[in-house]
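Participant: Once you've had a glance at the structure underneath, I'll fire off some questions.
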Amino acid sequence: MKRNNLYPIFLKTSQLEILIVGGGYVAEEKLHFLTKSSPDARVTLVAPFFREGTREVAAQFRAHLVHGEYHAGFLQGKHMVIAATDHTTVNERIYRDCRSRHILVNVADNPPLCDFYMGSIVTKGHVKVAISTNGQSPTTAKRLREYFEAVLPEDISQLVEHLRAYRQTLAASFQTKVEEMNRVTQQLVADKSETAS
């Protein structure tokens with residue numbers, strides 16, 4: 001059986017400069033997906049034309065719009081780029097330009113030209129779950145997101161806050177803290193399973 005070898009990370013997008021090239025439906029979808037999970041993301045969009053919906057999402061999340069044709073100069077100072085134009089040759093050029101500058105790039109709907117995928121995300125307060133199907137089935141990722149949204153309780157963030165506060169009361173080595181937190185959380189799971197049976 002094949003396995004997903006992608007490594008999930010959680011980016012502090014408020015500290016990164018992100019470029020989306022494109023102003024149509026795909027660019028709007030990528031911008032919406034990014035800002036839904038990270039409303040404080042620092043995003044610039046470049047395109048000769050922007051759909052009204054794209055402009056609305058950009059205004060809501062303070063994304064910067066630049067009217068113009070893509071050129072490599074737009075990559076200056078960028079950490080991450082999403083190529084979402086309707087032109088394959090432009091998207092491929094963006095990919096090559098990013099790779100030569102060691103900038104992470106995602107070319108929409110072209111997995112071989114992606115350093116990263118934008119998976120489905122579930123957010124409940126402090127808890128965030130990212131789901132990837134290795135670029136194979138966005139529909140499966142969507143269904144799993146819906147499942148986790150339904151089963152994760154709305155107040156799970158409270159649990160995280162209580163456990164953090166308890167951890168801070170422990171005056172011990174890192175290893176001892178880990179062992180104590182494992183003991184406490186195992187008991188929570190045990191209590192839950194006893195209640196269910």
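Laboratory data are not the source of any read-out in this text; all were calculated from the coordinates shown. Remember, it's a predicted structure, so these values are computed and weren't measured experimentally. As a convention, Cβ positions derive from the backbone with ideal geometry for all residues, glycine included, and neighbour counts pool all protein chains shown.
Participant: Which residue fluctuates the most in the chain, going by a Gaussian network model with Cα springs under 10 Å, if the choices are Leu163, Leu34, Leu16?
Facilitator: Leu163
Participant: So, with +1 on the Cβ of K and R and -1 on the Cβ of D and E, and no other charges, what is the size of the charge dipole of the range 1-152 about its Cα centre, to the nearest 20 debye? Intermediate results must be reported in sequence, preceding the final value.
Facilitator: Working: 19 positive and 14 negative charges, 106 e Å.
Here the size comes out at about 500 debye.
Participant: Normalised by the residues of the range 9-48, what does the relative contact order come to in percent, with Cα pairs under 8 Å and at least six apart? Each step should come with its number before you reach the end.
Facilitator: Values: 43 pairs, mean separation 23.3, N = 40.
Relative contact order for the range 9-48 comes out at 58 percent.
Participant: Using modelled amide H (1.01 Å from N, peptide plane; none on Pro or chain starts), what sits under 5 Å from the amide H of Cys114, excluding residues fewer than 5 places away?
Facilitator: Those lying under 5 Å, H to H, from Cys114 are Val107.
Participant: Using 0.36 nm per residue, how much length does the chain from Glu69 to Ala150 gain when fully extended, once their Cα-Cα distance is taken away? Walk me through the intermediate numbers first.
Facilitator: Values: separation 81, 0.36 × 81 = 29.16 nm, distance 4.28 nm.
Fully extending the segment from Glu69 to Ala150 adds 24.9 nm.
Participant: Helix 156-169 sits at what angle to the longest principal axis of the chain, using alpha carbons and giving 0 to 90 degrees rounded to 10?
Facilitator: Approximately 60 degrees, to the nearest ten.
Participant: Please report the spacing between the Cα centers of the range 56-71 and the range 130-169 in Å, no decimals.
Facilitator: That distance is 30 Å.
Participant: Of the listed values [x] 180; [y] 169; [z] 158, grab the one calculated as volume of the Cα convex hull per residue in Å³ from the structure here.
Facilitator: Correct label, based on the coordinates given: [x].
Participant: Any idea what angle helix 25-37 forms with the longest principal axis of the chain, computed on alpha-carbon atoms, 0 to 90 degrees, nearest 10?
Facilitator: Between the helix axis and the principal axis of the chain, the angle is about 30 degrees.
Participant: Return the subset of Lys78/Lys142; Lys30/Lys124; Lys12/Lys177; Lys36/Lys124; Lys78/Lys124; Lys12/Lys124 for which the Cα-Cα distance in this structure is over 23 Å, preserving the input order.
Facilitator: Numbers: Lys78/Lys142 29 Å; Lys30/Lys124 21 Å; Lys12/Lys177 26 Å; Lys36/Lys124 13 Å; Lys78/Lys124 29 Å; Lys12/Lys124 17 Å.
Listed pairs above 23 Å: Lys78/Lys142; Lys12/Lys177; Lys78/Lys124.
Participant: With springs connecting C-alpha atoms under 10 Å apart, model the chain as a Gaussian network and identify which of Gly22, Gly53, Gly125 has the largest mean-square fluctuation.
Facilitator: Result: Gly125 has the largest fluctuation of those listed.
Participant: Moving to a separate point now. Please find the FRET efficiency linking Phe33 to Ser100, where r is the Cβ-Cβ separation and R0 is fixed at 30 Å, and quote it to the nearest 0.05.
Facilitator: Numbers: r = 27 Å, r/R0 = 0.89.
With a Förster radius of 30 Å, E is 0.65.
Participant: Given Cα pairs under 8 Å that are at least 6 residues apart, what percent is the relative contact order of the range 113-194? Please list the in-between numbers first.
Facilitator: Numbers: 54 pairs, mean separation 18.9, N = 82.
23 percent.
Participant: Let me know the charge dipole size of the range 79-149 about its Cα centre in debye, to the nearest 20, where only the beta-carbon of Lys, Arg (+1) and Asp, Glu (-1) is charged.
Facilitator: On the way: 9 positive and 7 negative charges, 43 e Å.
It comes to approximately 200 debye.
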